[in-house]
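The values are calculated or read from the model by the stated rules, or taken from the named source; none is laboratory data. Remember, it's a predicted structure, so these values are computed and weren't measured experimentally. All Cβ positions, even for glycine, are placed from backbone atoms using ideal geometry, and neighbour counts span all protein chains on display. SASA here: full protein model, heavy atoms, side chains in, ligands and nucleic acids out. Shrake-Rupley method; radii C 1.70, N 1.55, O 1.52, S 1.80 Å.
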Amino acid sequence: MKVNPTLRLENNIFYNTICLIMAIFCIACFWTSFSMENKVVNSKNYNGLQEGSIYGPIKVKKGQSKICTIKATFFGDNTSAYLSGEVLDEDKDTLYEFGKDFWHESGYDSEGYWSESERNMKADLTFSEEGTYYIQFNTEENSMYNIGITIQVKKGTGIPHLMMGTIVLILLLFIFYFNNRDWIAELSDKANDALEDMCDDDD
């Protein structure tokens with residue numbers, strides 16, 4: 001069956017246009033994925049919080065998600081503390097808990113001064129369901145004054161955009177190869193011929 005050259009050219013233009021649109025969509029997905037991961041919507045630093053201090057509200061709309069990054073630093077010397085955090089819902093009921101043991105020890109021995117410690121904590125909390133959330137902090141030893149806390153709330157996560165961009169990229173490569181397989185085969189043959197010529201020259 002003889003293929004109409006004009007029709008084939010039109011098909012090539014159509015599919016290559018589709019590939020171009022998909023490529024632009026891929027770039028947009030990857031770009032929004034990386035930009036969303038770094039978009040901080042709120043940031044607070046606290047030193048010497050009161051026991052039972054509550055951070056919030058963290059409001060999450062339908063179809064949205066937020067990531068709360070909590071960094072804590074322990075300033076006490078030759079003492080210890082356990083920092084506990086509770087994620088609360090809109091009614092201030094506990095959803096789940098997290099925590100960290102902090103400590104510092106120092107002294108002198110036959111080799112001189114020594115010091116050991118566990119001073120830092122980082123926790124990433126993801127809120128992906130619609131609602132209003134709070135975070136409450138406490139210590140078992142009433143030593144909150146020895147702990148500094150930094151809280152950053154980031155809007156959304158870029159993972160869905162990254163996955164969508166990856167899927168579209170795979171489809172793009174498939175369509176591009178299917179539509180341009182003759183050109184790709186010809187280009188591959190030319191590359192192989194060039195490599196063979198180079199090998200012959202070396203001999």
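Can S115 be described as open to solvent by 40 Å² or more (accessible area, probe 1.4 Å) and over 30 Å from the mean Cα position of the chain (by Cα)?
Here the answer is yes, as S115 does meet what is asked.
Looking at N138, N78, can you tell me which residue is more than 30 Å from C26 (Cβ to Cβ), polar (S, T, N, Q) and not in a strand (DSSP E or B)?
So the residue among N138, N78 that is more than 30 Å from C26 (Cβ to Cβ), polar (S, T, N, Q) and not in a strand (DSSP E or B) is N78.
Return the residue satisfying two criteria in turn: it lies in region 149-168 and is surrounded by 15 or more Cβ atoms within 10 Å (Cβ to Cβ) and either farther than 22 Å from V87 by Cβ or small (G, A, S) (or both), and of such residues it is farthest from the chain's Cα centre (by Cα).
V168
When region 118-145 is examined, which residues are found to be under 15 Å from L49 (Cα atoms) and either of a type in the set (G, A, S) or open to solvent by less than 30 Å² (accessible area, probe 1.4 Å) (or both)?
I135, F137, T139, S143, M144
So if I check each of L83, L49, which one is in a loop (DSSP other than H, G, I, E, B), in contact (Cβ under 8 Å) with a residue 24 or more places away in the chain, surrounded by 14 or more Cβ atoms within 10 Å (Cβ to Cβ) and of a type in the set (A, V, I, L, M, F, W, C)?
L49
Taking E186, is it open to solvent by 80 Å² or more (accessible area, probe 1.4 Å) and not in a helix (DSSP H, G or I)?
no
Before we move on, is K92 surrounded by 11 or more Cβ atoms within 10 Å (Cβ to Cβ), on the phi > 0 side of the Ramachandran plot and touching a residue at least 24 places away in the same chain (Cβ under 8 Å)?
Judged against the criteria, K92 is a match.
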